[in-house]
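The structure follows.
Nothing in this text is a laboratory measurement; each read-out follows from the coordinates by a stated rule. Just so it is clear, the structure is predicted and the values come from calculations on it, not from any experiment. All Cβ positions, glycine included, derive from the backbone under ideal geometry; neighbour counts span all protein chains shown.
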Amino acid sequence: MEVNDELIRQYTKPLEGEGLPATRLAELLESENMLILHFLRHLGCAFCKHTVDQLRELKEQMPRFPTIYFVHQSPVEVGREFFAQRWPGAPHISDPKLELFRLFGIRRMAGLSLFDPRMALAMLRLQFKGYRNETGFGDVYLLSGTFLFRAGKLVWKHRASFAGDDPNWRIVGRKPG
């Protein structure tokens, strides 16, 4: 079933993480006029490190860019250490049971996608920039996903089709409601 506003309202389990203005998903999504919920693959992932670095820089350049709430599958403490290095103060949600990942329909990589030339090229570019994969916590085959909310309503989404398949962040920050 495709995620929608009703399914989001029905999700009542408390959120765990840091920098969250609410402990319920619907309340979090209604806490700002516009925000992004971005699902990271795993915190040892070179693509995820690059995405977080990219978004931190973009937010510094464009202060009106929506707040990004990262969702990861690591325990809160691991997330705290990761974000202390990459983006101190970035709000993040710990989802080690993958309940939010399932709710939002985050896909897993198919076995053959490891040989996708787009992924190989993206990984090569990141390696030249100094990014490396490290051991990850949880399911290393999960892909990323990005969801834009306006006044608590889902208005746009992007689910990665391969590792490193991020949306054009500058366009996401300007999506109309």
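Which residues in region 133-166 place their backbone N less than 18 Å from a point set 7 Å from the Cα of Met34 along the Cα-to-Cβ direction?
What the label zone holds, given the 18 Å backbone N cut-off, is 146-158.
Treat every Asp and Glu Cβ in the chain as -1 and every Lys and Arg Cβ as +1, leave all other atoms uncharged, and give the resulting dipole magnitude about the Cα centre to the nearest 20 debye. Walk me through the numbers before you get to the answer.
On the way: 25 positive and 20 negative charges, 103 e Å.
Rounded to the nearest 20 debye, it is 500 debye.
Return a single number: how many Lys pairs in the chain, at a sequence separation of 8 or more or on separate chains, have alpha-carbon atoms below 23 angstrom apart.
So the count works out to 14.
Going by amide H atoms built from the backbone, whose H comes under 5 Å of the H on Gly17, apart from near neighbours?
Ser94
Quick one: if you stick a label point 7 Å off each Cα along the C-beta vector at Lys153 and Glu99, how many nm between them?
2.7
Can you order the peptides 26-35, 69-78, 158-167, 2-11 by their average number of other Cβ atoms within 10 Å per residue, highest first?
Final packing ranking: 69-78, 158-167, 26-35, 2-11.
I need to check one value: relative contact order of the chain, counting alpha carbon pairs closer than 8 Å and at least 6 residues apart, in percent. Kindly include the intermediate steps, with their values, before the conclusion.
Numbers: 311 pairs, mean separation 54.5, N = 177.
About 31 percent, as a whole number.
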